[in-house]
Amino acid sequence: MINSKYIHLIVAVVVAIALIISTVLMVMGHSEVQRSPLPDEPAYATDVFGPDILSIEIIAEEDAWQTMLETARDEQYIRADVVVNGTRFQDVGVRAKGNSSLTQVASANSDRYSFRLQFDEYVKDQTCFGLESFVMNNMLGDHTYLKEYVSYELMREIGVETPYFGFADIRVNGKAWGLYLAVELYNKSYENRVFGDTSGMLYNVKSMDAGGKQPGLDNGDVAFTPDSRIDRPQMPDPNDTMPSRPDDPSAGRGSTGGSLEYTDDQSSSYSAIFTNVVGKGTEADFQRVIQALKALSAGEDLETYFDVDQILRYLAAHTIVVNLDSYSSTMAQNFYLYERSGQITVLPWDYNLAWGGFQSGNASSVINFPIDTPLSGVELESRPLIERLFENPEYLERYHLYLQQLVDQYFSDGQFEARIRALDSLLSGYVQNDATAFCTFEQYKIAIEAFIQLGTLRAQSVQGQLDGTIPSTTSGQNESPDQLIPADDLNLSDLGSMKGGKAGNTRDFPLERKG
(Lines give C-alpha, C1' and ligand atoms only; values in the text may rest on other atoms or scores of the structure.)
Protein backbone atom coordinates (compact mmCIF):
# COMPACT_ATOMS: atom_id res chain seq x y z
CA MET A 1 0.00 0.00 0.00
CA ILE A 2 1.02 3.56 -0.58
CA ASN A 3 2.10 5.33 2.54
CA SER A 4 -0.66 7.70 3.60
CA LYS A 5 1.73 10.57 3.96
CA TYR A 6 2.33 10.48 0.16
CA ILE A 7 -1.32 10.30 -0.85
CA HIS A 8 -1.90 14.05 -0.81
CA LEU A 9 1.29 14.62 -2.81
CA ILE A 10 0.32 12.02 -5.40
CA VAL A 11 -3.19 13.45 -5.72
CA ALA A 12 -1.76 16.94 -6.21
CA VAL A 13 0.59 15.71 -8.93
CA VAL A 14 -2.20 13.83 -10.70
CA VAL A 15 -4.45 16.89 -10.59
CA ALA A 16 -1.65 19.07 -11.95
CA ILE A 17 -0.99 16.65 -14.80
CA ALA A 18 -4.69 16.51 -15.60
CA LEU A 19 -4.87 20.28 -15.73
CA ILE A 20 -1.88 20.43 -18.07
CA ILE A 21 -3.35 17.76 -20.35
CA SER A 22 -6.76 19.45 -20.45
CA THR A 23 -5.13 22.79 -21.24
CA VAL A 24 -3.13 21.25 -24.09
CA LEU A 25 -6.22 19.54 -25.46
CA MET A 26 -8.14 22.79 -25.28
CA VAL A 27 -5.44 24.62 -27.20
CA MET A 28 -5.26 21.82 -29.77
CA GLY A 29 -9.00 21.79 -30.11
CA HIS A 30 -9.04 25.51 -30.86
CA SER A 31 -5.88 25.66 -32.93
CA GLU A 32 -7.85 26.72 -36.00
CA VAL A 33 -9.91 29.36 -34.24
CA GLN A 34 -8.94 32.87 -35.35
CA ARG A 35 -6.82 34.71 -32.85
CA SER A 36 -8.14 37.88 -31.24
CA PRO A 37 -6.79 41.09 -32.75
CA LEU A 38 -3.97 42.81 -30.95
CA PRO A 39 -4.96 46.03 -29.13
CA ASP A 40 -3.67 48.20 -31.99
CA GLU A 41 -5.26 46.11 -34.76
CA PRO A 42 -8.72 46.57 -36.26
CA ALA A 43 -11.14 43.65 -36.17
CA TYR A 44 -10.67 42.97 -39.89
CA ALA A 45 -7.03 42.04 -39.26
CA THR A 46 -8.28 38.68 -38.04
CA ASP A 47 -11.93 38.50 -39.11
CA VAL A 48 -11.04 39.07 -42.76
CA PHE A 49 -7.29 38.49 -43.16
CA GLY A 50 -6.77 36.10 -40.24
CA PRO A 51 -7.27 32.69 -41.91
CA ASP A 52 -4.62 31.22 -44.19
CA ILE A 53 -7.22 31.14 -46.98
CA LEU A 54 -10.07 33.66 -46.92
CA SER A 55 -13.50 32.36 -47.83
CA ILE A 56 -15.48 34.75 -50.06
CA GLU A 57 -18.89 34.01 -51.55
CA ILE A 58 -20.69 36.48 -53.79
CA ILE A 59 -24.45 36.05 -54.02
CA ALA A 60 -25.97 38.12 -56.82
CA GLU A 61 -28.90 38.01 -59.20
CA GLU A 62 -27.67 35.87 -62.06
CA ASP A 63 -28.74 38.31 -64.77
CA ALA A 64 -27.02 41.21 -63.03
CA TRP A 65 -23.85 39.16 -62.57
CA GLN A 66 -23.74 38.12 -66.23
CA THR A 67 -24.38 41.68 -67.36
CA MET A 68 -21.50 42.90 -65.21
CA LEU A 69 -19.21 40.32 -66.78
CA GLU A 70 -20.30 41.19 -70.29
CA THR A 71 -19.73 44.90 -69.63
CA ALA A 72 -16.71 44.49 -67.37
CA ARG A 73 -14.77 47.33 -69.00
CA ASP A 74 -17.43 49.76 -67.82
CA GLU A 75 -16.49 48.91 -64.22
CA GLN A 76 -20.05 49.46 -62.98
CA TYR A 77 -21.08 48.21 -59.55
CA ILE A 78 -23.84 45.71 -59.04
CA ARG A 79 -25.58 45.01 -55.74
CA ALA A 80 -24.78 41.66 -54.12
CA ASP A 81 -24.56 39.94 -50.78
CA VAL A 82 -21.05 38.90 -49.82
CA VAL A 83 -20.19 36.22 -47.26
CA VAL A 84 -16.73 36.81 -45.77
CA ASN A 85 -15.37 33.93 -43.71
CA GLY A 86 -18.92 32.93 -42.77
CA THR A 87 -20.36 36.39 -42.06
CA ARG A 88 -22.90 37.75 -44.53
CA PHE A 89 -22.96 41.39 -45.60
CA GLN A 90 -25.94 42.63 -47.59
CA ASP A 91 -26.09 45.06 -50.49
CA VAL A 92 -22.34 45.28 -51.15
CA GLY A 93 -21.05 46.96 -54.29
CA VAL A 94 -19.20 44.48 -56.54
CA ARG A 95 -17.53 45.25 -59.84
CA ALA A 96 -14.72 44.12 -62.11
CA LYS A 97 -11.50 46.13 -61.92
CA GLY A 98 -8.57 46.71 -64.23
CA ASN A 99 -7.90 48.21 -67.63
CA SER A 100 -5.35 46.33 -69.69
CA SER A 101 -6.12 43.30 -67.53
CA LEU A 102 -9.81 43.54 -68.44
CA THR A 103 -8.92 43.36 -72.11
CA GLN A 104 -6.58 40.44 -71.58
CA VAL A 105 -9.12 38.45 -69.59
CA ALA A 106 -11.79 39.07 -72.19
CA SER A 107 -9.44 38.00 -74.99
CA ALA A 108 -8.69 34.79 -73.07
CA ASN A 109 -12.40 33.90 -73.30
CA SER A 110 -12.57 33.94 -69.52
CA ASP A 111 -14.62 35.66 -66.85
CA ARG A 112 -11.80 35.56 -64.31
CA TYR A 113 -11.68 39.31 -63.76
CA SER A 114 -10.23 40.96 -60.73
CA PHE A 115 -12.94 42.37 -58.48
CA ARG A 116 -13.49 45.20 -56.06
CA LEU A 117 -15.82 44.91 -53.07
CA GLN A 118 -17.17 48.23 -51.76
CA PHE A 119 -19.15 47.66 -48.60
CA ASP A 120 -20.57 51.18 -48.30
CA GLU A 121 -21.55 51.58 -51.96
CA TYR A 122 -25.26 51.06 -51.24
CA VAL A 123 -25.40 51.05 -47.42
CA LYS A 124 -24.00 54.18 -45.82
CA ASP A 125 -21.13 53.55 -43.42
CA GLN A 126 -21.32 49.78 -43.85
CA THR A 127 -17.94 48.10 -43.35
CA CYS A 128 -16.59 44.58 -43.27
CA PHE A 129 -15.42 44.39 -39.66
CA GLY A 130 -14.20 47.98 -40.03
CA LEU A 131 -12.89 47.59 -43.60
CA GLU A 132 -14.46 49.82 -46.25
CA SER A 133 -13.32 47.89 -49.29
CA PHE A 134 -10.77 45.49 -50.68
CA VAL A 135 -9.80 44.08 -54.03
CA MET A 136 -9.43 40.50 -55.18
CA ASN A 137 -6.68 40.10 -57.76
CA ASN A 138 -6.98 37.32 -60.30
CA MET A 139 -3.32 36.16 -60.55
CA LEU A 140 -3.11 37.29 -64.17
CA GLY A 141 0.44 36.78 -65.45
CA ASP A 142 1.46 34.72 -62.44
CA HIS A 143 1.57 30.95 -62.75
CA THR A 144 3.16 30.75 -59.30
CA TYR A 145 0.19 32.45 -57.56
CA LEU A 146 2.89 33.87 -55.30
CA LYS A 147 4.68 36.82 -56.93
CA GLU A 148 2.51 39.50 -55.40
CA TYR A 149 2.09 37.73 -52.07
CA VAL A 150 5.84 37.27 -51.59
CA SER A 151 6.53 40.85 -52.69
CA TYR A 152 4.18 42.21 -50.03
CA GLU A 153 5.62 39.79 -47.51
CA LEU A 154 9.12 41.16 -48.18
CA MET A 155 7.81 44.69 -47.78
CA ARG A 156 6.26 43.76 -44.46
CA GLU A 157 9.42 41.91 -43.39
CA ILE A 158 11.53 45.05 -43.74
CA GLY A 159 9.02 47.31 -41.98
CA VAL A 160 7.03 48.91 -44.80
CA GLU A 161 3.41 49.72 -43.88
CA THR A 162 1.88 47.32 -46.35
CA PRO A 163 -1.84 46.77 -46.84
CA TYR A 164 -3.21 43.55 -45.39
CA PHE A 165 -3.25 40.72 -47.92
CA GLY A 166 -4.18 37.06 -48.12
CA PHE A 167 -5.28 34.29 -50.44
CA ALA A 168 -9.01 34.10 -51.09
CA ASP A 169 -11.08 31.14 -52.28
CA ILE A 170 -14.01 32.66 -54.16
CA ARG A 171 -17.41 31.25 -54.94
CA VAL A 172 -20.16 32.96 -56.94
CA ASN A 173 -23.77 31.87 -56.49
CA GLY A 174 -22.59 28.55 -55.11
CA LYS A 175 -20.10 27.83 -57.90
CA ALA A 176 -16.35 27.63 -57.42
CA TRP A 177 -14.75 30.67 -59.03
CA GLY A 178 -11.06 30.42 -58.19
CA LEU A 179 -8.14 31.27 -55.92
CA TYR A 180 -7.39 35.01 -55.80
CA LEU A 181 -5.26 37.38 -53.72
CA ALA A 182 -7.27 39.74 -51.53
CA VAL A 183 -5.59 43.07 -50.77
CA GLU A 184 -6.72 45.88 -48.48
CA LEU A 185 -7.18 49.16 -50.35
CA TYR A 186 -5.43 52.37 -49.39
CA ASN A 187 -8.30 54.40 -47.98
CA LYS A 188 -9.76 55.59 -44.66
CA SER A 189 -9.61 52.12 -43.08
CA TYR A 190 -5.91 51.82 -43.88
CA GLU A 191 -5.13 55.37 -42.74
CA ASN A 192 -6.92 54.89 -39.44
CA ARG A 193 -5.14 51.67 -38.56
CA VAL A 194 -1.66 52.81 -39.65
CA PHE A 195 -1.65 56.53 -38.88
CA GLY A 196 -4.44 56.84 -36.33
CA ASP A 197 -6.60 59.27 -38.33
CA THR A 198 -7.45 60.33 -41.88
CA SER A 199 -5.71 63.70 -41.95
CA GLY A 200 -3.27 62.65 -44.69
CA MET A 201 -3.66 62.50 -48.46
CA LEU A 202 -3.30 59.40 -50.65
CA TYR A 203 -2.39 59.50 -54.34
CA ASN A 204 -2.42 56.49 -56.65
CA VAL A 205 0.35 57.29 -59.14
CA LYS A 206 -0.47 56.21 -62.68
CA SER A 207 1.22 56.98 -65.98
CA MET A 208 -0.45 58.28 -69.12
CA ASP A 209 -0.78 56.24 -72.25
CA ALA A 210 -0.79 57.41 -75.83
CA GLY A 211 -4.47 58.25 -75.65
CA GLY A 212 -4.21 60.34 -72.49
CA LYS A 213 -5.01 59.71 -68.86
CA GLN A 214 -8.38 58.31 -68.00
CA PRO A 215 -9.66 60.06 -64.84
CA GLY A 216 -10.84 58.16 -61.83
CA LEU A 217 -8.91 54.95 -62.43
CA ASP A 218 -9.37 52.16 -59.93
CA ASN A 219 -6.57 51.21 -57.57
CA GLY A 220 -4.07 49.12 -59.47
CA ASP A 221 -5.41 50.01 -62.92
CA VAL A 222 -3.53 51.31 -65.95
CA ALA A 223 -4.99 53.69 -68.52
CA PHE A 224 -5.50 51.48 -71.57
CA THR A 225 -7.69 51.21 -74.60
CA PRO A 226 -7.87 48.28 -77.02
CA ASP A 227 -6.05 50.28 -79.69
CA SER A 228 -3.28 51.61 -77.45
CA ARG A 229 0.09 49.94 -77.02
CA ILE A 230 2.26 49.71 -73.93
CA ASP A 231 5.92 49.36 -74.77
CA ARG A 232 7.66 46.83 -72.58
CA PRO A 233 10.86 48.24 -71.12
CA GLN A 234 13.89 46.05 -71.62
CA MET A 235 15.92 44.78 -68.72
CA PRO A 236 19.53 45.98 -68.78
CA ASP A 237 21.40 43.37 -70.80
CA PRO A 238 24.93 42.78 -69.41
CA ASN A 239 26.16 42.24 -72.97
CA ASP A 240 24.60 45.41 -74.31
CA THR A 241 26.63 48.59 -73.85
CA MET A 242 24.29 50.78 -75.86
CA PRO A 243 22.63 53.52 -73.77
CA SER A 244 18.89 54.12 -73.82
CA ARG A 245 17.82 56.04 -76.90
CA PRO A 246 16.80 59.62 -76.08
CA ASP A 247 14.06 59.44 -78.69
CA ASP A 248 12.45 56.38 -77.11
CA PRO A 249 8.70 57.01 -77.50
CA SER A 250 8.05 55.72 -73.99
CA ALA A 251 10.72 57.88 -72.38
CA GLY A 252 8.32 60.74 -71.68
CA ARG A 253 5.89 58.82 -69.49
CA GLY A 254 7.23 60.40 -66.32
CA SER A 255 6.67 63.95 -67.56
CA THR A 256 3.18 64.03 -66.02
CA GLY A 257 4.51 63.62 -62.50
CA GLY A 258 4.99 59.90 -62.07
CA SER A 259 8.75 60.33 -62.23
CA LEU A 260 8.49 62.74 -59.24
CA GLU A 261 10.51 65.28 -61.19
CA TYR A 262 9.72 68.89 -60.38
CA THR A 263 8.71 70.92 -63.43
CA ASP A 264 6.73 73.92 -62.16
CA ASP A 265 4.17 74.90 -59.54
CA GLN A 266 1.11 74.08 -61.65
CA SER A 267 -0.83 71.12 -60.34
CA SER A 268 -1.95 70.37 -63.90
CA SER A 269 1.65 69.41 -64.67
CA TYR A 270 1.36 66.40 -62.34
CA SER A 271 -1.77 64.67 -63.60
CA ALA A 272 -0.33 61.19 -63.01
CA ILE A 273 -0.44 62.02 -59.30
CA PHE A 274 -3.37 64.36 -58.75
CA THR A 275 -5.86 62.82 -61.16
CA ASN A 276 -5.82 59.74 -58.96
CA VAL A 277 -6.27 61.29 -55.52
CA VAL A 278 -8.09 58.98 -53.10
CA GLY A 279 -11.16 60.90 -52.02
CA LYS A 280 -11.10 64.64 -52.63
CA GLY A 281 -8.11 66.94 -52.81
CA THR A 282 -7.76 70.71 -52.87
CA GLU A 283 -5.20 72.89 -54.56
CA ALA A 284 -3.60 73.48 -51.17
CA ASP A 285 -3.19 69.70 -50.77
CA PHE A 286 -1.57 69.44 -54.18
CA GLN A 287 0.79 72.32 -53.49
CA ARG A 288 2.23 70.52 -50.46
CA VAL A 289 3.25 67.64 -52.72
CA ILE A 290 4.69 70.01 -55.32
CA GLN A 291 6.73 71.75 -52.62
CA ALA A 292 8.18 68.37 -51.62
CA LEU A 293 9.06 67.58 -55.23
CA LYS A 294 10.75 70.97 -55.53
CA ALA A 295 12.88 70.18 -52.48
CA LEU A 296 13.66 66.75 -53.93
CA SER A 297 14.81 68.33 -57.16
CA ALA A 298 17.23 70.54 -55.25
CA GLY A 299 18.26 67.76 -52.88
CA GLU A 300 17.43 69.96 -49.91
CA ASP A 301 15.67 69.23 -46.59
CA LEU A 302 14.90 65.68 -47.67
CA GLU A 303 13.97 64.46 -44.20
CA THR A 304 11.62 67.41 -43.78
CA TYR A 305 9.65 66.57 -46.91
CA PHE A 306 10.12 62.78 -47.12
CA ASP A 307 9.97 59.85 -44.71
CA VAL A 308 13.44 58.82 -45.82
CA ASP A 309 13.76 55.70 -43.68
CA GLN A 310 10.43 54.23 -44.83
CA ILE A 311 11.28 54.98 -48.46
CA LEU A 312 14.68 53.28 -48.16
CA ARG A 313 12.96 50.19 -46.74
CA TYR A 314 10.48 50.26 -49.61
CA LEU A 315 13.27 50.60 -52.18
CA ALA A 316 15.16 47.66 -50.69
CA ALA A 317 12.25 45.24 -51.05
CA HIS A 318 11.19 46.76 -54.37
CA THR A 319 14.66 46.30 -55.82
CA ILE A 320 14.92 42.67 -54.79
CA VAL A 321 11.66 41.68 -56.52
CA VAL A 322 12.48 43.45 -59.82
CA ASN A 323 9.08 44.98 -60.56
CA LEU A 324 9.42 47.08 -63.71
CA ASP A 325 5.76 48.02 -64.09
CA SER A 326 6.68 50.73 -61.64
CA TYR A 327 8.77 53.78 -60.78
CA SER A 328 11.84 51.77 -61.79
CA SER A 329 11.10 51.91 -65.51
CA THR A 330 9.62 54.11 -68.20
CA MET A 331 6.16 53.38 -66.78
CA ALA A 332 6.67 55.54 -63.62
CA GLN A 333 3.55 54.18 -61.93
CA ASN A 334 2.02 51.61 -59.58
CA PHE A 335 2.87 53.15 -56.25
CA TYR A 336 1.06 55.38 -53.79
CA LEU A 337 2.20 58.64 -52.31
CA TYR A 338 1.00 59.37 -48.81
CA GLU A 339 1.36 62.99 -47.69
CA ARG A 340 0.83 64.03 -44.09
CA SER A 341 1.72 67.47 -42.72
CA GLY A 342 3.89 68.15 -45.75
CA GLN A 343 5.92 64.91 -45.48
CA ILE A 344 5.64 62.17 -48.12
CA THR A 345 6.21 58.45 -48.05
CA VAL A 346 5.86 55.78 -50.74
CA LEU A 347 3.56 52.77 -50.43
CA PRO A 348 3.73 49.58 -52.54
CA TRP A 349 1.06 48.47 -54.99
CA ASP A 350 0.51 46.04 -57.87
CA TYR A 351 3.22 43.35 -57.87
CA ASN A 352 1.71 40.60 -60.01
CA LEU A 353 4.32 41.35 -62.70
CA ALA A 354 7.25 41.47 -60.29
CA TRP A 355 10.13 39.00 -60.48
CA GLY A 356 10.77 39.82 -64.12
CA GLY A 357 7.18 39.42 -65.34
CA PHE A 358 7.10 42.85 -67.00
CA GLN A 359 9.96 42.67 -69.50
CA SER A 360 11.36 40.66 -72.38
CA GLY A 361 14.93 40.31 -71.17
CA ASN A 362 16.73 37.17 -70.12
CA ALA A 363 16.69 35.51 -66.73
CA SER A 364 20.25 36.57 -65.94
CA SER A 365 19.27 40.23 -66.19
CA VAL A 366 16.56 39.70 -63.57
CA ILE A 367 18.82 37.70 -61.29
CA ASN A 368 21.54 40.35 -61.49
CA PHE A 369 19.35 43.46 -61.57
CA PRO A 370 21.72 46.13 -60.17
CA ILE A 371 20.97 47.30 -56.65
CA ASP A 372 22.65 50.71 -56.98
CA THR A 373 21.08 51.67 -60.32
CA PRO A 374 17.79 49.74 -60.03
CA LEU A 375 16.27 51.15 -63.21
CA SER A 376 15.39 49.99 -66.71
CA GLY A 377 15.03 52.14 -69.79
CA VAL A 378 15.56 55.43 -67.93
CA GLU A 379 18.53 57.34 -66.57
CA LEU A 380 19.08 57.87 -62.85
CA GLU A 381 18.60 61.64 -63.11
CA SER A 382 15.04 61.11 -64.36
CA ARG A 383 14.13 59.28 -61.13
CA PRO A 384 15.12 61.85 -58.49
CA LEU A 385 13.69 59.91 -55.55
CA ILE A 386 16.34 57.24 -56.11
CA GLU A 387 19.08 59.56 -57.32
CA ARG A 388 18.89 61.98 -54.38
CA LEU A 389 18.70 59.28 -51.75
CA PHE A 390 21.49 57.16 -53.19
CA GLU A 391 23.90 60.08 -53.63
CA ASN A 392 23.82 60.51 -49.85
CA PRO A 393 26.40 58.03 -48.40
CA GLU A 394 24.47 57.61 -45.16
CA TYR A 395 21.21 56.81 -46.94
CA LEU A 396 22.92 54.44 -49.38
CA GLU A 397 24.53 52.57 -46.49
CA ARG A 398 21.18 52.26 -44.73
CA TYR A 399 19.56 51.00 -47.94
CA HIS A 400 22.31 48.38 -48.22
CA LEU A 401 21.67 47.42 -44.60
CA TYR A 402 18.00 46.80 -45.36
CA LEU A 403 18.93 44.71 -48.40
CA GLN A 404 21.23 42.65 -46.20
CA GLN A 405 18.50 42.18 -43.61
CA LEU A 406 16.12 40.86 -46.25
CA VAL A 407 18.73 38.43 -47.58
CA ASP A 408 19.52 37.22 -44.05
CA GLN A 409 15.93 37.01 -42.81
CA TYR A 410 14.11 35.71 -45.88
CA PHE A 411 16.57 34.00 -48.23
CA SER A 412 19.73 32.69 -46.57
CA ASP A 413 20.20 29.08 -45.44
CA GLY A 414 17.37 27.80 -47.60
CA GLN A 415 14.71 30.02 -46.02
CA PHE A 416 13.26 31.14 -49.35
CA GLU A 417 12.82 27.60 -50.65
CA ALA A 418 11.29 26.53 -47.36
CA ARG A 419 8.83 29.43 -47.47
CA ILE A 420 7.78 28.77 -51.06
CA ARG A 421 7.31 25.07 -50.39
CA ALA A 422 5.20 25.84 -47.33
CA LEU A 423 3.01 28.16 -49.40
CA ASP A 424 2.84 25.54 -52.14
CA SER A 425 1.58 23.01 -49.60
CA LEU A 426 -1.10 25.49 -48.55
CA LEU A 427 -2.21 26.39 -52.05
CA SER A 428 -1.64 23.27 -54.11
CA GLY A 429 -5.06 21.72 -53.59
CA TYR A 430 -6.82 25.02 -54.29
CA VAL A 431 -4.84 25.55 -57.49
CA GLN A 432 -5.51 22.00 -58.65
CA ASN A 433 -9.24 22.66 -58.27
CA ASP A 434 -9.19 26.25 -59.51
CA ALA A 435 -12.09 26.34 -61.96
CA THR A 436 -10.92 29.41 -63.90
CA ALA A 437 -7.11 29.28 -63.57
CA PHE A 438 -4.93 30.98 -66.19
CA CYS A 439 -2.59 27.99 -66.15
CA THR A 440 -2.80 24.25 -65.74
CA PHE A 441 -1.84 22.57 -62.48
CA GLU A 442 1.23 21.18 -64.21
CA GLN A 443 2.26 24.70 -65.26
CA TYR A 444 1.77 25.84 -61.67
CA LYS A 445 4.08 23.12 -60.33
CA ILE A 446 6.75 24.02 -62.91
CA ALA A 447 6.35 27.68 -61.94
CA ILE A 448 6.91 26.89 -58.25
CA GLU A 449 10.23 25.20 -59.00
CA ALA A 450 11.27 28.06 -61.31
CA PHE A 451 10.36 30.61 -58.62
CA ILE A 452 12.49 28.83 -56.05
CA GLN A 453 15.41 28.86 -58.47
CA LEU A 454 14.89 32.52 -59.36
CA GLY A 455 14.59 33.71 -55.76
CA THR A 456 17.62 31.74 -54.65
CA LEU A 457 19.80 33.06 -57.47
CA ARG A 458 18.50 36.60 -57.02
CA ALA A 459 19.51 36.55 -53.36
CA GLN A 460 22.95 35.24 -54.29
CA SER A 461 23.42 38.13 -56.71
CA VAL A 462 22.21 40.73 -54.21
CA GLN A 463 24.63 39.32 -51.63
CA GLY A 464 27.45 39.43 -54.15
CA GLN A 465 26.63 43.03 -55.04
CA LEU A 466 26.63 43.96 -51.35
CA ASP A 467 29.97 42.18 -50.86
CA GLY A 468 31.51 43.81 -53.93
CA THR A 469 32.15 40.56 -55.82
CA ILE A 470 29.44 41.43 -58.37
CA PRO A 471 29.09 44.91 -59.91
CA SER A 472 26.14 46.79 -58.40
CA THR A 473 25.51 49.23 -61.27
CA THR A 474 24.38 48.77 -64.86
CA SER A 475 27.62 50.20 -66.23
CA GLY A 476 29.71 47.96 -63.98
CA GLN A 477 27.78 44.89 -65.08
CA ASN A 478 28.17 45.88 -68.72
CA GLU A 479 31.92 46.09 -68.22
CA SER A 480 32.26 42.81 -66.29
CA PRO A 481 29.54 40.38 -67.41
CA ASP A 482 31.70 37.41 -66.44
CA GLN A 483 31.19 38.30 -62.76
CA LEU A 484 27.42 37.87 -62.88
CA ILE A 485 25.41 34.94 -61.54
CA PRO A 486 24.49 32.66 -64.47
CA ALA A 487 20.84 31.80 -65.01
CA ASP A 488 21.56 28.16 -65.85
CA ASP A 489 18.40 26.67 -67.39
CA LEU A 490 15.93 29.09 -65.80
CA ASN A 491 13.14 30.17 -68.14
CA LEU A 492 11.22 33.26 -66.95
CA SER A 493 8.16 32.38 -68.99
CA ASP A 494 7.64 29.38 -66.73
CA LEU A 495 6.56 31.82 -64.01
CA GLY A 496 3.97 33.55 -66.20
CA SER A 497 4.25 36.89 -67.94
CA MET A 498 2.41 40.10 -68.75
CA LYS A 499 0.59 38.27 -71.55
CA GLY A 500 -1.41 36.76 -68.74
CA GLY A 501 -4.01 34.13 -69.49
CA LYS A 502 -3.83 34.41 -73.25
CA ALA A 503 -0.35 33.02 -73.76
CA GLY A 504 0.28 29.36 -73.23
CA ASN A 505 -3.02 28.63 -71.52
CA THR A 506 -4.35 25.17 -72.23
CA ARG A 507 -7.16 24.96 -69.70
CA ASP A 508 -10.79 25.22 -70.71
CA PHE A 509 -12.81 27.92 -68.98
CA PRO A 510 -16.13 26.58 -67.70
CA LEU A 511 -17.27 30.04 -66.60
CA GLU A 512 -17.33 31.69 -70.01
CA ARG A 513 -19.58 34.64 -70.69
CA LYS A 514 -23.05 33.88 -71.96
CA GLY A 515 -24.33 35.27 -75.21
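Tabulated data
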item: Per-selection Kirkwood Rh - the range 394-477 (Cα, Å, 1 d.p.); result: 14.8
item: Accessible-area value, K445, 1.4 Å probe, nucleic acids and ligands omitted, Å²; result: 70
item: Under-5 Å amide H pairs with W355, H placed in peptide plane, nonlocal only; result: V322, N323
item: Long-range amide H partners of C128 with built H, under 5 Å; result: none
item: Chain lengthening between V194 and E417 when straightened (0.36 nm per residue, less Cα-Cα); result: 77.2 nm
item: Surface accessible to a 1.4 Å probe, F165 within the full protein complex, Å²; result: 20
item: Where labels lie 7 Å past Cα in the beta-carbon direction, separation of K280 and I53 in nm; result: 4.4
item: ³J(HN,Hα), Karplus 6.51/-1.76/1.60, whole Hz, each residue of the range 165-176, x for Gly, Pro; result: 8, x, 6, 10, 8, 9, 10, 10, 6, x, 9, 5
item: Under the Karplus curve 6.51 cos²θ - 1.76 cosθ + 1.60, θ = phi - 60°, whole-Hz ³J(HN,Hα) for the range 380-385, x wherever Gly or Pro sits; result: 4, 5, 8, 10, x, 4
item: Long-range HN-HN contacts of V172 with modeled amide H, under 5 Å; result: I58, W177
item: Greater than 20 Å apart at Cα, pairs in K124/K175; K175/K445; K124/K188; result: K124/K175; K175/K445
item: Derived scalar couplings ³J(HN,Hα) [the range 471-485; Karplus, 6.51 cos²θ - 1.76 cosθ + 1.60; whole Hz; x for Gly, Pro]; result: x, 9, 10, 4, 5, x, 5, 5, 7, 9, x, 5, 8, 7, 6
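The values are calculated or read from the model by the stated rules, or taken from the named source; none is laboratory data. Here the structure is a predicted model, which means the values were calculated and not measured. No Cβ is skipped: glycine too gets one built from the backbone with ideal geometry, and neighbour counts run over all protein chains shown. Only protein heavy atoms, including side chains, enter the accessible area calculation; ligands, DNA and RNA are left aside. Shrake-Rupley method; radii C 1.70, N 1.55, O 1.52, S 1.80 Å.
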